[in-house]
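The values are calculated or read from the model by the stated rules, or taken from the named source; none is laboratory data. Computed from a predicted structure; not experimentally measured. Glycine also receives a Cβ, built like all others from the backbone with ideal geometry; neighbour counts cover every protein chain displayed. Side chains are part of the model used for accessible areas, which takes the heavy atoms of the whole protein and leaves out ligands, DNA and RNA. Shrake-Rupley method; radii C 1.70, N 1.55, O 1.52, S 1.80 Å.
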Amino acid sequence: MITSFVDDSPTKKSLTVEIPVEEVRRVTDRTARTLAKQVNIPGFRRGKVPVELIKKRFADALKSEVVDQLVHESVVTALKEKSLVPLGSPKVDDLKFDFDGPLSFKVDLEVRPPVVPKDYRGLKVPSGSAVPTPEEIDAVLNRIREGHAHYDPVEGRPAADGDFALVDIKGTFPAGDGKDFEAEKTLIEIGGERTLPELSAHVRNALPGTNLSFQKDFPADAPDPAFAGKTVLYSVHLAALKSRVLPALDDDLARTALTPREGEPPEGATLALLREKVAESLTKDKETALRETRRRALLDGLLALNEVEAPESMIEAEIDSALREYARHLARQGVDLKEAKMDWNAMRGDAREGAVRRVKEYLLLDAIGEAEAIGVTDTELDAELKSRSAAAGMSFAELKAALVKAERLEGVREEIRIDRVLDFLLAEAAVAG
């Protein structure tokens with residue numbers, strides 16, 4: 001049945017299939033007899049309509065049914081014969097059909113490339129320490145002091161850098177390309193890193209009660225898409241000035257910081273204990289960051305040593321997934337996607353490079369997992385789900401049922417498996433001196 005086979009690339013294959021006229025006639029007659037039992041034609045009892053009349057009267061419907069059957073059956077047989085597992089649905093083209101002749105067509109499909117990973121043991125990863133420095137601990141303690149500060153009113157002088165201004169802000173888009181906004185009684189630090197430089201510049205040297213306005217042109221690459229490439233007119237009312245007073249770094253602050261919202265301070269809640277807790281938290285953060293850095297180094301080395309072709313269908317699916325997640329992120333930030341006028345086509349292009357890399361990474365890690373027989377048992381999967389359900393505030397049964405309903409359970413198993421492959425590579429890696 002396969003008259004030609006073209007191995008276009010490791011991921012793209014083409015087949016030409018021809019079905020003999022005898023098979024076409026057999027399936028045509030069978031389908032016509034089935035159709036004859038279902039139709040009503042004046043002058044004939046149901047099921048007694050001549051097959052030849054069915055072929056003439058219902059030629060288009062009969063052709064469609066016969067072609068669908070023959071193409072489906074022959075594609076399945078051809079793929080099995082060539083041991084091909086397609087990604088997505090094969091594309092059928094150049095179809096030639098006649099009731100009294102052979103049926104021929106071309107099949108184009110994508111497949112996962114054969115991947116035989118090499119040199120994946122002993123990959124180099126950077127050294128590093130997860131032990132926090134005294135300066136890092138002090139920086140966190142200072143942020144804790146800032147979080148427990150109180151603010152005293154400033155009177156008799158204009159605003160200066162380091163002051164905190166209580167302001168009412170309104171923003172409008174003169175070009176009508178954004179959603180107007182306002183925020184009342186917002187506390188900003190004049191000259192602070194998180195404050196718009198233009199806002200600080202206009203509030204600086206102003207007295208409480210002052211109304212002011214300014215215009216800001218946001219660059220096209222601004223991080224917030226709601227403002228990127230747009231002009232905003234700000235109207236600001238300076239309601240009051242305040243100075244921040246930090247609490248002393250002592251046992252009293254430690255007891256306050258260590259006390260749960262509803263509860264009593266832990267036994268021995270001293271500054272020493274607070275430092276210890278801060279160090280523990282920083283250590284976990286640094287361990288996570290070091291682990292991620294080393295994982296990235298592993299993947300860089302793996303890709304450099306192994307050539308893998310990424311199938312286009314997997315790349316497109318990865319881009320779709322990334323853009324859906326980005327859209328959900330924007331929605332959680334309160335961005336109206338319709339009003340934001342996102343250029344999704346341009347974003348698809350921007351996302352492509354990263355998607356290609358992630359597909360290649362997955363193919364390599366999956367192949368290493370197969371080579372090393374790394375898997376996840378049902379018991380191990382359930383243990384992970386119990387951990388996730390507790391973190392999500394759900395019962396184990398609720399989470400598992402939701403994953404089964406969404407057909408995501410095996411996806412979670414695969415996530416865990418790939419994570420274990422990375423752990424295996426880390427254990428086999430060589431730490432740079």
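Each residue in the stretch 236-269 was checked for being in contact with an Asp or Glu (Cβ under 9 Å, 6 or more places away or on another chain), open to solvent by less than 50 Å² (accessible area, probe 1.4 Å) and under 30 Å from N205 (Cα atoms), and 6 pass. Looking only at residues in the stretch 370-386 that are in a helix (DSSP H, G or I) and in contact (Cβ under 8 Å) with a residue 12 or more places away in the chain, the one that is surrounded by the most Cβ atoms within 10 Å (Cβ to Cβ) is L385.
Among the residues of the stretch 202-221, those that are more than 38 Å from the chain's Cα centre (by Cα), among the aliphatic types (A, V, I, L, M) and either open to solvent by 40 Å² or more (accessible area, probe 1.4 Å) or under 25 Å from A149 (Cβ atoms) (or both) comprise V203, A206, L207.
For D152, the conditions (1) loosely packed, with under 15 Cβ neighbours inside 10 Å; (2) more than 30 Å from R244 (Cα to Cα); (3) among the acidic types (D, E) are fulfilled apart from (2). Look through the stretch 186-201, keep the residues that are in a helix (DSSP H, G or I) and buried (at least 17 other Cβ atoms within 10 Å of the Cβ), and return whichever of them is farthest from the chain's Cα centre (by Cα). Looking at residues that are in a helix (DSSP H, G or I) and buried (at least 17 other Cβ atoms within 10 Å of the Cβ), I get S200.
Being open to solvent by less than 90 Å² (accessible area, probe 1.4 Å), touching a helix residue (DSSP H, G or I) at 6+ places or on another chain (Cβ under 7 Å) and in a strand (DSSP E or B) narrows it down to one of A130, A183, A165, so name that one.
Residue meeting the stated conditions: A165.
Residues checked against (1) of a type outside the set (F, W, Y); (2) modelled with pLDDT of 95 or more; (3) touching a Leu at 6+ places or on another chain (Cβ under 8 Å):
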site: P247; (1), (2), (3): yes, yes, yes
site: A257; (1), (2), (3): yes, no, yes
site: P265; (1), (2), (3): yes, no, yes
site: K284; (1), (2), (3): yes, yes, no
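Residues in the stretch 337-369 that are open to solvent by 30 Å² or more (accessible area, probe 1.4 Å) and touching a residue at least 40 places away in the same chain (Cβ under 8 Å): E339, K341, M342, V356, R357, R358, K360, Y362. D60 meets each of the listed conditions (1) open to solvent by 60 Å² or more (accessible area, probe 1.4 Å); (2) closer than 30 Å to K82 by Cβ; (3) in a helix (DSSP H, G or I); (4) acidic (D, E) apart from (2). Would it be correct to say that A331 is open to solvent by 30 Å² or more (accessible area, probe 1.4 Å), free of Cβ contacts under 8 Å to residues at least 40 places away in the same chain and among the small types (G, A, S)? Yes: the conditions hold for A331.
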